[in-house]
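Engineer: Have a look at the structure that comes next, please.
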Amino acid sequence: MKKKFYWISVFFCMICLGASLANAGSADAFNDLKGTIKIAGGTAHIPVMKAAAKRIMTVNPDIRISIAGGGSGVGIKQVGEGLVDIGNSGRKPTDEEIGKYGLKLFKWAVDGVGVIVHTENMVKSLTKAQLKDIFSGKIANWKSLGGSDKHISVYTRDEASGTRAVFWKKALDKGDITAKANFVVSNGAMKSAIANDPNGIGYVSVGHMDKTVSPVTLDSISPSLENVKSGKYPVARGLYSNTKGDPRGLVKVFIDYLFSAEGRTIAEEKGFIPSK
Amino acid sequence: MNRQFEKTAEMVLFLPALLSVILTLAIFVFMLVFGLPLMKGGRFFELITGSWSPGHGMYGIQPMIMGTMAIASLSVFFAFPLSMGCASLISVLAPRGFSTFLRHTVRLMTGVPTVIYGFVGIFLLVPIIRELFQNGSGFCILSASLMLALLISPTMILVFMESFDRVPKSYLDAADALGGTPVQKLVYVIIPQARQGIWMGVILSMGRSLGDTLIALMLAGNAIATPGSVLDSVRTLTAHIALVIASDYESLEFKSVFACGLILYGFNALIIVMLRYVESKGTQ
Amino acid sequence: MNRLWETLIKAFSWACGIILLGAISCIIGYLFMKGAGVIRLDLIFGDTPPLDAILLKRQVLDGLFPAMAGTFFLVCFSVFTALPLGLAAGIYMSEYAGGSIRRVFSFSFDILAGIPSIVIGLFGFSIAVFLHRHFSDRIFPCLLISGLSLAFLVLPYIIRTTQLSLETLPARTRLTALALGATRFQNIRYVLVPQSLSGILSGVVLAVGRCAEDTAVIMLTGAVAMAGVPQSLLSSYEALPFYIYYISSQYTNPHELATGYGASIILLGICTFLFLAAFMIQKGLARRALYYP
């Protein structure tokens, strides 16, 4: 059994190598391949992962790609435990995590974390101090910020979230988040929650922002792709896909695909800045 | 067929039954073993009275226990009068045709998937609550318990109805003979006679609402603060399990989930014991 | 009791009836208002030809087909696991168990029936992690684990309906064969079980419905956002109720949200159908038993 598996993997590697040399950078690299890739973790990654998976599976129906969320913490833990092949994270895994599990990091895009409010909300800019007060619960009404006389509903993410970790560190300077905050489970859920709540405020991956929500400028710098790219907007982070040890076989082809021209286009379409 | 065969047959039937009992125990033991590190050295008390803040090394689940209690009791509070009214209507007050219709609708309602109540709740009920009270996000105890009330009512109504129907006909005939109106019959004969069934209906639905996950997870907001009003966002024990399950398998956070499981198991056992008690009182 | 009270009580009851009917019609009406427009074949199959999808020739990437297939496999696996166990245990409880064994067993089945489904899911999840660590690294939360957990969930239902429908058989039926010299097991095999089949069967159908609608168990034990039609018991899978839960918070555009409504209508349809089926089985067989005694 072991031996057979070994030969199959060697076979895969050779095909992958050959294929990636032949036509690097398109879903064709998956031709003649077979198997499953399990992906879990960071929720900011999901739109890109889904789009990539759809293209790959359209070209090659013999490949199965399963995608689950959970948050960056989950991605790192699950790939470390060997429960999935690729664990995504919206923050850089800590040195301890890398060392403990022997992770290999692939940072395929740059992203930011921005504050969003409902489109009807008149408050479109906040200072860092105001933001901290809102999230710690000191400011509880939109009125004092120039908005209407409504209670502020704060939305946050759970501890496993990389988006939360980055936002907490770089935007709140590790300040408290009120215990009264509502919890949502992903970037997508954050966006739809704020889109539906006229009094809500939350933070979401810049790539996920769209017309349904209003971004809020932080110290008068708007959380746009350009500002993240130029480094003007401080709450930036990389999007990582992590594997346990060096990726092999199908997983390697998938990771390579993310860095290929087509993969980079997908990342760009979904609102991220593909890294070189 | 010989005696040997009979023995084997009994054994073959006995083993699955035993297996099911072992399963019941195994679930308890699993929760206990996995959750033990958090409870060692008298820290169980700390666990159930403390607050949740993994960043500060606090894994208390007191806010979730309060949240569970609040949502479950409020939903029973809403569902009880509703169910009493409906059961009275079906058993006594409504004309035959409407009664049959309502009875079938209630039966059918027990089959509606929980996730659908949650789904519609998010898009229909939450905005209404938000607009109505102009305070908070609409994801709160009230929204969750209203939806939950709708979820548990059919069960409650069915149990009430059965106990109303079990009242001996001779009692009703006696009331009729004395010239009692339907309402008098209901208030003075049927409800006092069906007391046991009413208790059982309430306890049973309490159990269901304590154990429900989806509605609380989708509609209650999942905040980790101890609730102060019905418009506060809370997290139930069940939703806490669903939210934290994803953590590191060795972290204390993850272990706390098993403490939640253990407490829910305990609640459930308590409910069953209460049901048994009420049942035995009735048969004496 | 004066007239005013009487009128009030009547009015209150009617109000309750109307509130209940109103609430449930609101929910279902709202669902259909929002979702009826998307109930088309491409909701299920996307742009894949339906026949190719059903024959698993091509993957459906934009439709509900993988989720429906996942739910179907899940239900089949868990009911077929729970059925033999539940039947046997139910028969044992009704026909053999006595004294303290009976008391202890039935108490433990009551407990099992009341355990919140999320706790069963947690149990399934920890078993998966346990097995992964100590036995085989190919085991992780998957269709197999979910199916087993769901089987645990419906096991007490099947035990109870079996036990109940056997116990409610009239003494006449119960004793005739025995009086004619049949053994205990022959009596069960040829008389009691066939006679109570309708009760048992409708219990099974309800168990199927319970498996199809449960979300809490599967969200902990292997249901994921995207997986395609499951290829083995050890793979992750999609399921209808989980899909609805997922879409409710994570839809990215109005089209996806509409799919969520569509999925809700389909799930509601499946559950209602199963429920009516259970009802018919019980009623139909009861009537037949009445006409041909």
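The values are calculated or read from the model by the stated rules, or taken from the named source; none is laboratory data. All of these numbers come straight from a predicted model, not from anything done at the bench. We place every Cβ from the backbone using ideal geometry, glycine too, and count neighbours over all the protein chains shown. In case anyone asks, the SASA skips ligands and DNA or RNA and just uses the protein heavy atoms, side chains included. Shrake-Rupley method; radii C 1.70, N 1.55, O 1.52, S 1.80 Å.
Engineer: For residues in region B:38-70 being β-branched (V, I, T) and in a helix (DSSP H, G or I), which is surrounded by the most Cβ atoms within 10 Å (Cβ to Cβ)? Working first, answer last.
Structural biologist: Kept after step one, since they are β-branched (V, I, T), are these residues of region B:38-70: B:48-49, B:61, B:65, B:68.
Add one more test, that the residue is in a helix (DSSP H, G or I), and what stays is B:48-49, B:65, B:68.
Numbers: B:I48: 15, B:T49: 11, B:I65: 19, B:T68: 28.
Ranking the candidates gives B:T68 first.
Engineer: What helices (runs of 4 or more DSSP H) completely inside region A:178-276 contain at least 3 residues that are among the small types (G, A, S) and in the same structural domain as A:D62 (by TED's automatic domain parsing)? Reasoning before the result, please.
Structural biologist: Numbers: elements: A:187-196, A:225-230, A:249-259, A:261-269.
Result: A:261-269.
Engineer: Would you kindly identify the helices (runs of 4 or more DSSP H) lying entirely within region C:162-250 that contain at least 2 residues that are of a type outside the set (S, T, Y) and within 30 Å of C:L122 (Cα to Cα)?
Structural biologist: Ranges flagged: C:197-213, C:216-221, C:240-250.
Engineer: Tally the residues that are surrounded by 24 or more Cβ atoms within 10 Å (Cβ to Cβ) and small (G, A, S), restricting the search to region C:113-147.
Structural biologist: 5
Engineer: Also: B:M58 passes all but one of (1) free of Cβ contacts under 8 Å to residues at least 24 places away in the same chain; (2) aliphatic (A, V, I, L, M); (3) at the interface with chain C (Cβ under 8 Å from one of its Cβ atoms); which number fails?
Structural biologist: If we test B:M58 against (1) free of Cβ contacts under 8 Å to residues at least 24 places away in the same chain; (2) aliphatic (A, V, I, L, M); (3) at the interface with chain C (Cβ under 8 Å from one of its Cβ atoms), just (3) comes out false.
Engineer: Still on this structure, please answer the following. Determine, yes or no, whether C:S136 is among the small types (G, A, S) and assigned to a helix (DSSP H, G or I).
Structural biologist: For C:S136, the condition - among the small types (G, A, S) and assigned to a helix (DSSP H, G or I) - is not met.
To keep it simple, each residue is scored yes or no on (1) open to solvent by 20 Å² or more (accessible area, probe 1.4 Å); (2) aliphatic (A, V, I, L, M); (3) in a helix (DSSP H, G or I).
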{"residue": "B:R103", "(1), (2), (3)": "yes, no, yes"}
{"residue": "B:G121", "(1), (2), (3)": "no, no, yes"}
{"residue": "B:L124", "(1), (2), (3)": "yes, yes, yes"}
{"residue": "B:I128", "(1), (2), (3)": "yes, yes, yes"}
{"residue": "B:G138", "(1), (2), (3)": "no, no, no"}
{"residue": "B:M147", "(1), (2), (3)": "no, yes, yes"}
{"residue": "B:L150", "(1), (2), (3)": "no, yes, yes"}
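Engineer: To continue, here is another question. Just wondering, is there one or more residues in region A:242-258 that are more than 13 Å from the chain's Cα centre (by Cα), modelled with pLDDT of 90 or more, more than 30 Å from C:Y243 (Cα to Cα) and open to solvent by 60 Å² or more (accessible area, probe 1.4 Å)?
Structural biologist: Checked against the condition, which is being more than 13 Å from the chain's Cα centre (by Cα), modelled with pLDDT of 90 or more, more than 30 Å from C:Y243 (Cα to Cα) and open to solvent by 60 Å² or more (accessible area, probe 1.4 Å), region A:242-258 yields at least one hit.
Engineer: Would you check which residues across region B:86-101 are of a type in the set (A, V, I, L, M) and in a helix (DSSP H, G or I) and list them?
Structural biologist: Correct list: B:A87, B:L89, B:I90, B:V92, B:L93.
Engineer: Could I ask something else about it? Quick one: B:R166 ticks every box in (1) closer than 28 Å to C:F275 by Cα; (2) at pLDDT 90 or above bar one, so which box is it?
Structural biologist: Unmet for B:R166, out of (1) closer than 28 Å to C:F275 by Cα; (2) at pLDDT 90 or above: (2).
Engineer: Can you pull out the residues in region A:119-143 that are in contact (Cβ under 8 Å) with a residue 40 or more places away in the chain and part of a strand (DSSP E or B)?
Structural biologist: A:S125, A:L126
Engineer: Go through region A:190-237 and give me each residue that's of a type in the set (D, E, K, R) and either within 15 Å of A:S153 (Cβ to Cβ) or within 14 Å of another protein chain (Cβ to nearest Cβ) (or both).
Structural biologist: Across region A:190-237, the qualifying residues are A:K191, A:D197, A:D210, A:K211.
Engineer: Scanning for something farther than 20 Å from A:P223 by Cβ, part of a helix (DSSP H, G or I) and open to solvent by 10 Å² or more (accessible area, probe 1.4 Å), does region A:101-118 turn up at least one residue?
Structural biologist: For region A:101-118, residues farther than 20 Å from A:P223 by Cβ, part of a helix (DSSP H, G or I) and open to solvent by 10 Å² or more (accessible area, probe 1.4 Å): present.
Engineer: Oh, and also: Could you list all residues from region B:11-29 that are within 7 Å of another protein chain (Cβ to nearest Cβ) and touching a residue at least 40 places away in the same chain (Cβ under 8 Å)?
Structural biologist: Residue satisfying the conditions is B:I27 alone.
Engineer: Name the residue, out of B:A259, B:A239, that is open to solvent by less than 30 Å² (accessible area, probe 1.4 Å), in contact with a Leu (Cβ under 6 Å, 6 or more places away or on another chain) and either closer than 24 Å to A:G41 by Cβ or of a type in the set (V, I, T) (or both).
Structural biologist: After applying the criteria, what remains is B:A239.
Engineer: Can I ask one more? Going through A:A181, A:A193 one at a time, which residue ends up being without any contact (Cβ under 8 Å) to a residue 60 or more places away in the chain, in contact with a strand residue (DSSP E or B) (Cβ under 6 Å, 6 or more places away or on another chain), open to solvent by less than 10 Å² (accessible area, probe 1.4 Å) and closer than 30 Å to B:P54 by Cα?
Structural biologist: Working: A:A193 fails: open to solvent by less than 10 Å² (accessible area, probe 1.4 Å).
Of the residues listed, the single one that is without any contact (Cβ under 8 Å) to a residue 60 or more places away in the chain, in contact with a strand residue (DSSP E or B) (Cβ under 6 Å, 6 or more places away or on another chain), open to solvent by less than 10 Å² (accessible area, probe 1.4 Å) and closer than 30 Å to B:P54 by Cα is A:A181.
Engineer: Please enumerate the residues belonging to region C:170-191 that are open to solvent by less than 50 Å² (accessible area, probe 1.4 Å) and either in contact with a Leu (Cβ under 6 Å, 6 or more places away or on another chain) or of a type in the set (G, A, S) (or both).
Structural biologist: C:A177, C:A182, C:N187, listed by residue number.
Engineer: Of the residues that sit in region C:229-260 and are within 25 Å of C:F80 (Cβ to Cβ) and surrounded by fewer than 23 Cβ atoms within 10 Å (Cβ to Cβ), which one is farthest from the other protein chains (Cβ to nearest Cβ)?
Structural biologist: Taking the candidates together, the pick is C:L233.
Engineer: Report the residue count in region A:146-161 for those that are modelled with pLDDT under 90, touching a helix residue (DSSP H, G or I) at 6+ places or on another chain (Cβ under 9 Å) and either open to solvent by less than 50 Å² (accessible area, probe 1.4 Å) or part of a strand (DSSP E or B) (or both).
Structural biologist: From region A:146-161, those modelled with pLDDT under 90 are A:146-151, A:158-161; that's our starting set.
Those left that are additionally touching a helix residue (DSSP H, G or I) at 6+ places or on another chain (Cβ under 9 Å): A:148-151, A:158-161.
Okay, now just the ones that are also either open to solvent by less than 50 Å² (accessible area, probe 1.4 Å) or part of a strand (DSSP E or B) (or both), so A:151, A:158, A:160-161.
Total satisfying the criteria: 4.
Engineer: Filter region C:185-228 for residues that are under 30 Å from B:A239 (Cβ atoms) and more than 14 Å from chain B (Cβ to nearest Cβ) and give the result.
Structural biologist: C:M226, C:A227, C:G228
Engineer: Is at least one residue of region C:30-41 under 25 Å from the mean Cα position of the chain (by Cα) and under 30 Å from B:G207 (Cβ atoms)?
Structural biologist: Yes: region C:30-41 contains one or more residues that are under 25 Å from the mean Cα position of the chain (by Cα) and under 30 Å from B:G207 (Cβ atoms).
Engineer: Looking for whichever is under 21 Å from the mean Cα position of the chain (by Cα) and either hydroxyl-bearing (S, T, Y) or more than 30 Å from B:G35 (Cα to Cα) (or both) here; the options are C:L56, C:L112, C:L83. Which one fits?
Structural biologist: Within the list C:L56, C:L112, C:L83, the selection yields C:L83.
Engineer: On the given criteria, is B:I224 more than 30 Å from B:S170 (Cβ to Cβ), open to solvent by less than 40 Å² (accessible area, probe 1.4 Å) and either within 9 Å of another protein chain (Cβ to nearest Cβ) or not in a helix (DSSP H, G or I) (or both)? Before the answer, list the steps.
Structural biologist: Details: more than 30 Å from B:S170 (Cβ to Cβ): yes; open to solvent by less than 40 Å² (accessible area, probe 1.4 Å): yes; either within 9 Å of another protein chain (Cβ to nearest Cβ) or not in a helix (DSSP H, G or I) (or both): yes.
So B:I224 fits the description; yes.
Engineer: Pick from region A:66-99 the residues that are β-branched (V, I, T) and buried (at least 24 other Cβ atoms within 10 Å of the Cβ): which of them is modelled with the lowest pLDDT? Steps first, answer last, please.
Structural biologist: Taking region A:66-99 first, the residues β-branched (V, I, T) are A:67, A:74, A:76, A:79, A:84, A:86, A:94, A:98.
Filter once more, so that each one left must be buried (at least 24 other Cβ atoms within 10 Å of the Cβ): A:74, A:76, A:79, A:84, A:86.
Details: A:V74: 85, A:I76: 90, A:V79: 90, A:V84: 88, A:I86: 94.
It comes out as A:V74.
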